[in-house]
Amino acid sequence: MTDLRLEKGKATRDRLIEAARRLFGKRGYEATSIEAVLAAARVKRGSLYHHFQSKEALFDAVLDRQVAGISRAVGLAARAAGPDPVETLRAGCSRWLRMALDPAIQRIVLLDAPAVVGWKRWRQLDEQHTLGGLRANLKRIARQGRLPAGEVDVLAHMLLAALSEAAILIARAEDPRAALAAGQDAVDTLVDRLALRSRH
């Protein structure tokens, strides 16, 4: 019985997160009411507040899941690029920037997140899901003598911040596809300069 209750609770929580993701992605945080989420998820108010203390907490869960999904997609793109760690880095960066064209990702991850959960929490989720893979990739580049091993951690944070800013520029641009092309060119330049030669 306990297992059944746990499974039912998880299914309800998942339904709420998915319904909220669709609504937040389409309407934005401010224009999405709790009532709309309840109707879309077919869940009673008491069930929602059993899992989430507030609309902000629900948004946080949606954001967490969305950032985790982006991280998985970036990781897949990186691994598909082959054995060269510079090319895997380039492919992962490119995949993230292309995902910034998605209106739901723009709204949830890039535009609403800093205002709803705050910059600190936003960066925390980004680092939680993305920083480890980025750091591991840079370590592989450093082992090849293509960048200083002692700078890997700082460079991982700097590159993560640069990618986030590029994605925001794409999300806010009047011509997002032109902004994407410019962002990809800039990231390619950054990666090329980063791994151009050993600076030991």
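Values in this text are rule-based calculations from the coordinates and carry no lab data. Note that the structure is a prediction, hence the values are computed from the model and not measured. Methodologically, a virtual Cβ is constructed for each residue, glycine included, from the backbone with ideal geometry; neighbour enumeration extends over all protein chains shown.
Could you tell me which residue out of 149, 186, 119 lies farthest along the dipole of the range 108-200 toward its positive end? Charges go on the beta carbon: Lys and Arg +1, Asp and Glu -1, centred on the Cα centre.
Sorting the options by dipole projection puts first 149.
Going by C-beta contacts inside 10 Å, put 47, 54, 71 in order with the fewest on the left. It would help to have the intermediate numbers written out before the result.
Values: 47 17, 54 11, 71 21.
Least to most surrounded, the residues fall as 54, 47, 71.
Just want the ordering: 158, 99, from fewest to most Cβ atoms lying within 10 Å of their own Cβ.
Ascending Cβ contact count within 10 Å gives the list 158, 99.
What is the dipole size for the range 81-200, taken about its Cα centre, with +1 at each Lys and Arg Cβ and -1 at each Asp and Glu Cβ, in debye to the nearest 20?
Rounded to the nearest 20 debye, it is 380 debye.
What order, most packed first, do the peptides 89-98, 118-127 have when packing is the mean number of other Cβ atoms within 10 Å of each residue?
In descending order of packing, they fall as 89-98, 118-127.
Using only DSSP helix segments of four residues or longer, with each worth -39500 (n - 2.57), what per-residue ellipticity at 222 nm results for the chain after dividing by its residue count and rounding to 500?
Details: 10 runs with 146 residues, N = 200.
After summing the helix terms and dividing by residue count, I get -24000 deg cm²/dmol.
Would you please classify the overall shape of the range 1-106 from the alpha carbon gyration tensor, given that a ≥ b ≥ c denote the square roots of the eigenvalues, rounded means a/c under 1.5, and beyond that prolate means a/b larger than b/c while oblate covers the rest?
Here the range 1-106 falls in the oblate category.
Structure shown: which of 10/44; 26/55; 8/55 lie over 18 Å apart, alpha-carbon to alpha-carbon?
Correct reply: 8/55.
Would you list the P(r) distribution for the chain, with all Cα-Cα distances sorted into 10 Å bins from 0 and each bin expressed as a whole %?
The percentages, shortest bin first, are 9, 32, 29, 19, 9, 2, 0.
Whole-Hz Karplus ³J(HN,Hα) for the range 52-60, in order, using 6.51 cos²θ - 1.76 cosθ + 1.60 and θ = phi - 60°, x for Gly and Pro?
Residue by residue, the range 52-60 yields 9, 6, 7, 4, 5, 5, 5, 4, 4 Hz.
Rounded to two decimals, what is Rg over Rh for the range 1-52 when you use alpha-carbon atoms and the Kirkwood radius?
1.03
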